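Here the structure is laid out as structure tokens; the discussion comes afterwards.
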Amino acid sequence: MSDPIRAEAPRDIDPEDGKLITLARSARARNAAAEGAAVRDETGRTYVATTVALPALELSALQAAVAAAVSSGARTLEAAVVVTEAAEHPAVDLAVARDLATPTVLLVAPDGTPALRTSARQADEPAS
């Protein structure tokens, strides 16, 4: 099934999302990883991860952050940020964000500049 994806350049960044950007950038730099991600769950807890590239396991940073959130009991995410050099979100990242009802995923350049805000909702899903 192909979902129309709504993407736009971010205008104003919420201060809480700014914190997620800082956490994702720091993790990416500390691990010299391709990507860094940070997510915030429904209770306000944050989870941070970087790309996992092992011979037996490969995860994007967002997949790893979502796995950490889910393994800690999160049921939904309020926000997700991915710091990467990529120009757009891979479909698998949007799918994993959708699994936890994440409203949007913010793509951020390595220098911290927000580049793209993409809706993770399916076309028939109501906006909250």
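Annotations for the structure displayed:
- Options Ala91, Ala95, Ala65, Ala101; residue that is under 15 Å from Gly36 (Cα atoms) and either buried (at least 20 other Cβ atoms within 10 Å of the Cβ) or of a type in the set (A, V, I, L, M) (or both): Ala65
- Filter pass, Ala69 being modelled with pLDDT of 95 or more and in contact with a helix residue (DSSP H, G or I) (Cβ under 7 Å, 6 or more places away or on another chain): no
- Within the range 101-115, residues that are more than 19 Å from Asp41 (Cβ to Cβ) sit with their Cβ atoms under 8 Å from residues that are in a loop (DSSP other than H, G, I, E, B) and of a type in the set (D, E, K, R), at 6+ positions apart or across chains, in these pairs: Leu107/Glu88; Ala109/Glu85; Pro110/Glu85.
- Each residue in the range 12-47 was checked for being closer than 19 Å to Arg117 by Cα, modelled with pLDDT of 95 or more and charged (D, E, K, R), and 5 of them qualify.
- Val39, sole failed condition from (1) surrounded by fewer than 23 Cβ atoms within 10 Å (Cβ to Cβ); (2) within 11 Å of the chain's Cα centre (by Cα): (1)
- Residue, nearest to Lys19 (Cα to Cα), within the range 34-72, restricted to residues that are assigned to a loop (DSSP other than H, G, I, E, B) and among the β-branched types (Val, Ile, Thr): Thr43
- Count of residues meeting criterion [in a strand (DSSP E or B) and out of contact with any Leu (no Cβ under 9 Å at 6 or more places or on another chain)] in the range 73-117: 2
- Cross-chain or 6+ apart pairs with Cβ under 6 Å, the range 31-60 first and more than 26 Å from Ala109 (Cβ to Cβ), then assigned to a loop (DSSP other than H, G, I, E, B): Glu42/Thr76
Each row is one residue, and each column tells you yes or no for (1) among the hydrophobic types (A, V, I, L, M, F, W, C); (2) closer than 19 Å to Ala120 by Cβ.
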{"site": "Ala37", "(1), (2)": "yes, yes"}
{"site": "Val52", "(1), (2)": "yes, no"}
{"site": "Leu57", "(1), (2)": "yes, no"}
{"site": "Ser72", "(1), (2)": "no, no"}
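The values are calculated or read from the model by the stated rules, or taken from the named source; none is laboratory data. Please read these numbers as outputs of a predicted model, since none were measured by experiment. Ideal geometry is used to build each Cβ from the backbone, glycine not excepted, and the neighbour counts take in all protein chains shown.
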